[in-house]
Amino acid sequence: MYTQGLDSLGKDCLRDEAQDIGRLEQRFQARIDAEEKIEPKGWMPEAYRRTLIRQISQHAHSEIVGMLPEGNWITRAPSLLRKSILIAKVQDEGGHGAYLYSAAETLGVSRDELIGQLLEGKAKYSSIFNYPTPTWADIGAIGWLVDGAAIMNQIPLCRCSYGPYARAMVRICKEESFHQRQGYEIMLRLSRGTPPQKEMAQQALNRWWWPSLMMFGPSDAESKHSAQSMRWKIKRFSNDELRQKFVDFTVPQAEFLGLAVPDPALSWDEAAQHYRFGAIDWSEFEQVLKGHGPCNRERLEARRRAHDEGRWVRDAAVAHASKQAAKEKSRAA
Amino acid sequence: MTPHCRYVLRLADTSLILAQRLGEWIGHAPAIEEDLGLANVSLDLLGQARMLLSYAAELEGRGRSEDDLAYLREESEFLNATLVEQPNGDFGQTIVRQFLIDAWQLELYEWLQESKDPRLAEIAAKAVKETRYHLRYSAGWLVRLGDGTEVSHARVQDALERLWPFTGELFAADAVDHEVAQAGIGPAPESLLPGWSARIGAVLSGSRLAVPPTTPFGWHGKRGQHSEHLGHVLAEMQSLHRAHPGAIW
């Protein structure tokens with residue numbers, strides 16, 4: 001229903017393409033301004049399509065690569081309850097990946113193609129997953145901070161202008177908020193536990209605090225995609241706004257845990273009603289982005305290994321399916 | 001420990017160790033759908049293990065919890081079938097192991113639904129539904145791999161031959177089995193064999209796979225005599241818990 005007007009206009013396009021593309025773009029923007037959803041079969045500017053494919057596939061890759069640092073603790077989870085929660089959580093991340101690849105496919109690109117880009121090292125995924133999880137507390141910190149930051153980023157995406165992405169995000173955000181709570185609960189148990197447990201929690205906070213702030217991306221002045229994405233309502237808040245919101249939300253939680261946020265410059269600004277925090281070391285972010293983070297190589301290698309070692313399995317499934325189809329055909333003939 | 005309690009522990013440990021093995025796969029499977037599928041099966045088995053371990057702890061009456069039993073017992077105190085502690089190998093080997101156990105657990109839980117032990121009957125009633133799904137998953141993959149390509153066929157045939165010797169234990173009765181069978185708590189293990197063989201045979205013939213010959217050597221994981229692999233599984237599984245005695249997680 002949303003696309004009717006544009007589709008009929010599309011047929012008229014042949015007369016004067018340049019002029020009509022201008023008109024299409026105007027009408028497209030008008031629909032976005034009116035908060036209508038853009039659907040797969042409707043007309044969209046090529047740059048909008050490309051931006052979404054980039055963003056959704058990066059998001060999908062992040063979910064899939066993100067299974068690795070947490071999967072690292074499935075076999076060693078310290079209680080059976082924690083083990084089942086962690087398996088369910090990592091499984092959710094895999095589900096999000098599958099769901100998001102499907103959303104990207106509505107834009108005319110295949111999952112195989114996107115996964116190929118990831119494995120060739122051409123596609124990005126969230127840098128945060130290039131950090132290691134040496135202790136159980138890292139599983140708590142990931143849930144609390146990384147999923148917490150992801151929620152800040154993703155809740156506005158539920159109102160993203162592209163329908164399939166927006167709808168996928170509704171479900172994903174629900175699950176992420178469960179993940180955030182389970183992470184915080186792990187941290188709470190640790191911080192109320194034995195001295196070594198509390199120390200484990202503090203060390204994990206020290207490791208994950210700054211990388212979590214970097215998850216919101218470069219500051220607004222430096223962010224190259226932001227302005228256009230805001231106009232298209234793919235993005236609703238700036239990186240810096242979301243980062244501030246995260247800090248304001250998270251610092252009191254750290255205080256409740258009795259853990260120290262590793263930022264000597266952190267202070268409450270009464271007038272602004274915000275926490276002020278220290279300067280982010282963007283050179284670290286750049287390095288991790290360029291592939292020099294602690295686990296970049298390992299993460300990609302793990303994905304490639306799973307892909308390569310699984311090839312015979314996927315080949316067999318395809319071969320079996322085509323044999324079955326041939327049998328069906330000869331039966332029908 | 002009574003035969004009743006030992007019997008429940010055997011069931012619990014078989015589910016627990018298999019859940020642990022499947023957990024190793026998550027994030028490394030041949031396709032995202034298989035990450036999800038294996039995680040599902042692992043979660044179900046872990047759920048069964050937790051119910052059974054809690055029940056075994058009650059029967060034991062020493063005030064131990066499911067976690068005490070999972071994390072603080074020694075290797076020789078684990079009573080799982082030797083089959084489930086075998087390494088994952090490739091996806092084909094994991095699927096064959098799963099298929100052999102699923103078909104057995106389905107026969108077992110169908111019987112246990114009618115057990116004279118109401119707790120066990122209750123647990124079995126839940127587990128039987130899960131196990132039907134597990135068997136559909138593993139049998140589906142076994143057919144695809146057996147029928148798919150020459151490579152996949154050879155790999156799963158090899159896995160079948162590798163794992164077949166561990167199946168004898170599932171149907172060989174010992175004193176514990178005799179006691180629980182007599183009390184109507186559990187089935188006579190050998191009584192599950194015809195149903196199991198029929199299920200296995202139907203799937204294998206549909207996937208051009210041959211049933212391996214039965215070998216004379218018997219494994220006895222359910223009596224606490226394990227292969228070389230369980231020690232490693234436990235070392236990993238129990239490491240963090242044991243490093244912090246008495247801690248709450």
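The values are calculated or read from the model by the stated rules, or taken from the named source; none is laboratory data. Predicted model only: the values in this text are computed from it and were never measured. Methodologically, a virtual Cβ is constructed for each residue, glycine included, from the backbone with ideal geometry; neighbour enumeration extends over all protein chains shown. We work out accessible area using only protein heavy atoms, side chains counted, and drop any ligands, DNA or RNA first. Shrake-Rupley method; radii C 1.70, N 1.55, O 1.52, S 1.80 Å.
Would you pick out the residues in region A:66-85 that are of a type in the set (D, E, K, R), in a helix (DSSP H, G or I) and either within 7 Å of another protein chain (Cβ to nearest Cβ) or out of contact with any helix residue (DSSP H, G or I) (no Cβ under 7 Å at 6 or more places or on another chain) (or both)? Break it down into steps so the answer makes sense when it comes.
The initial filter retains those residues of region A:66-85 that are of a type in the set (D, E, K, R), namely A:70, A:76, A:82-83.
Narrowing further to those that are in a helix (DSSP H, G or I): A:70, A:82-83.
Those that are of a type in the set (D, E, K, R), in a helix (DSSP H, G or I) and either within 7 Å of another protein chain (Cβ to nearest Cβ) or out of contact with any helix residue (DSSP H, G or I) (no Cβ under 7 Å at 6 or more places or on another chain) (or both): A:Arg82, A:Lys83.
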Criterion first (at pLDDT 95 or above, open to solvent by 20 Å² or more (accessible area, probe 1.4 Å) and within 14 Å of another protein chain (Cβ to nearest Cβ)) does B:Gln182 satisfy it? no
Pairs please, first residue from region B:238-249 and within 7 Å of chain A (Cβ to nearest Cβ) and without any contact (Cβ under 8 Å) to a residue 24 or more places away in the chain, second anywhere and of a type in the set (Val, Ile, Thr) and surrounded by fewer than 17 Cβ atoms within 10 Å (Cβ to Cβ), Cβ atoms under 7 Å, 6+ apart in sequence or on different chains. B:His244/A:Thr194; B:Ala247/A:Thr194
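Matching residues to (1) open to solvent by 50 Å² or more (accessible area, probe 1.4 Å); (2) touching a Leu at 6+ places or on another chain (Cβ under 7 Å); (3) farther than 21 Å from A:Gln244 by Cβ:
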position	(1), (2), (3)
A:Cys173	no, no, no
A:Arg181	yes, no, yes
A:Ser191	no, yes, yes
A:Pro196	yes, no, yes
A:Arg207	yes, no, yes
A:Ser212	no, yes, no
A:Ala221	yes, no, no
A:Lys224	yes, no, no
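Could you list, in sequence order, all residues of region A:86-137 that are assigned to a helix (DSSP H, G or I) and in contact with a Pro (Cβ under 7 Å, 6 or more places away or on another chain)? Break it down into steps so the answer makes sense when it comes.
Of region A:86-137, the ones assigned to a helix (DSSP H, G or I) are A:86-105, A:111-119, A:127-130, A:136-137.
Answer for region A:86-137, where residues must be assigned to a helix (DSSP H, G or I) and in contact with a Pro (Cβ under 7 Å, 6 or more places away or on another chain): A:Ala103, A:Ile128, A:Phe129, A:Asn130, A:Trp136.
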Scan region A:36-54 for residues that are basic (Lys, Arg) and open to solvent by less than 60 Å² (accessible area, probe 1.4 Å) and report the count. 1
Specify which of the listed residues (A:Ala254, A:Ala306, A:Ala325, A:Ala321) is under 21 Å from A:Tyr131 (Cβ atoms), within 14 Å of chain B (Cβ to nearest Cβ) and of a type in the set (Gly, Ala, Ser). A:Ala306
For A:Thr135, only one of the following conditions fails: (1) open to solvent by 30 Å² or more (accessible area, probe 1.4 Å); (2) within 12 Å of the chain's Cα centre (by Cα); (3) of a type outside the set (Gly, Ala, Ser); (4) closer than 30 Å to B:Gly47 by Cβ. What is its number? (2)
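Among the residues of region B:209-237, count how many are within 11 Å of chain A (Cβ to nearest Cβ) and surrounded by 15 or more Cβ atoms within 10 Å (Cβ to Cβ).
Step one: filter region B:209-237 for residues within 11 Å of chain A (Cβ to nearest Cβ), giving B:232-237.
Adding the requirement that they be surrounded by 15 or more Cβ atoms within 10 Å (Cβ to Cβ) leaves B:233-234, B:237.
The number of residues fulfilling the criteria is 3.
Could you check how many residues of region B:108-149 are outside any helix (DSSP H, G or I) and either crowded, with 20+ Cβ neighbours inside 10 Å or without any contact (Cβ under 8 Å) to a residue 60 or more places away in the chain (or both)?
Initially, region B:108-149 is screened for residues outside any helix (DSSP H, G or I), giving B:113-117, B:148-149.
Filter once more, so that each one left must be either crowded, with 20+ Cβ neighbours inside 10 Å or without any contact (Cβ under 8 Å) to a residue 60 or more places away in the chain (or both): B:113-115, B:117, B:148-149.
Here the count works out to 6.
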Within region B:34-75, track down each residue that is without any contact (Cβ under 8 Å) to a residue 12 or more places away in the chain, assigned to a helix (DSSP H, G or I) and open to solvent by less than 20 Å² (accessible area, probe 1.4 Å). B:Asp35
Before we move on, is B:Thr82 more than 12 Å from every other protein chain (Cβ to nearest Cβ) and hydroxyl-bearing (Ser, Thr, Tyr)? yes
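On the basis of being touching a strand residue (DSSP E or B) at 6+ places or on another chain (Cβ under 8 Å), open to solvent by less than 30 Å² (accessible area, probe 1.4 Å) and away from every other protein chain (no Cβ under 13 Å), does A:Ser127 make the cut? Explain how you work it out, then say what you get.
On the way: touching a strand residue (DSSP E or B) at 6+ places or on another chain (Cβ under 8 Å): no; open to solvent by less than 30 Å² (accessible area, probe 1.4 Å): yes; away from every other protein chain (no Cβ under 13 Å): yes.
No.
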Against the condition in contact with a strand residue (DSSP E or B) (Cβ under 7 Å, 6 or more places away or on another chain), free of Cβ contacts under 8 Å to residues at least 60 places away in the same chain and exposed (fewer than 12 other Cβ atoms within 10 Å of the Cβ), how does A:Asp248 come out, does it pass? no
Scope region A:183-222; condition polar (S, T, N, Q), within 27 Å of A:Leu81 (Cβ to Cβ) and not in a helix (DSSP H, G or I); matching residues: A:Thr194
